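Input: a single structure, listed below in structure tokens.
The values are calculated or read from the model by the stated rules, or taken from the named source; none is laboratory data. This one's a predicted model, so the numbers in the text were calculated from it and none came from an experiment. So basically every Cβ, Gly included, is an ideal-geometry build from the backbone, and we count neighbours across all protein chains shown. Each accessible area value is taken on the protein alone, full model and side chains, heavy atoms only, with ligands, DNA and RNA left out. Shrake-Rupley method; radii C 1.70, N 1.55, O 1.52, S 1.80 Å.
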Amino acid sequence: MTDQPMDESDALRREAPIDAAMRGAVIAGVIPDQSPRVIKEAAHYAALLGAPLVVTHVDVTRFVTYEDPEGYVHSAPVDINVQAGEGELEAVRNAAETHLANAGITWEVRQLVGDPALAIKHLAEKIDAKLIVVGTRRRGFGESIREFFTGSVAARLSHRQHRPILVIPQEEPLRDDEAFPEVEG
């Protein structure tokens, strides 16, 4: 072991090749059946920044057990139905292929596991992302309950890391006099 500090090129050589290729990327947090605006806006900003795009889906039915020195994340299911997460990843991959076919940027789809805000934060740190793009939550009682327990991914990201976050509306905006669905009588 040496007492000399590693320079940036040493650190890059030790990274997993896939992470090095995506260094400085824009990250898009995507869920199945989400508005295509999230992927399209993320691609637009990646092009403006001259950066690659990493389209991520976070499988919340799995959790990280450990990450080995080569950067491979080992995970375990919360329940036995692991095919739900695989189906969601396939839907996200299909959406990315559809909307990025002629985008003119380098992109990849990656599955993360665990808590969405923490998983995206960890990836952003790992690849030194330039920007994180996420969508707003859908309206409706079920989404309101989910957000009550887990919180907004965008808000949680904004308090846990220093990168800019772009939040893309998924639906038509509420009128100024319109209440959120969870507080309507």
Across region 107-140, what is the total count of residues that are at pLDDT 95 or above and either aromatic (Phe, Trp, Tyr) or touching a Pro at 6+ places or on another chain (Cβ under 7 Å) (or both)?
-> 2
May I ask you to list pairs of residues, at least six apart or on different chains, whose Cβ atoms are under 6 Å apart, with the first in region 153-166 being open to solvent by less than 60 Å² (accessible area, probe 1.4 Å) and the second being among the polar types (S, T, N, Q)?
-> ILE165/SER158
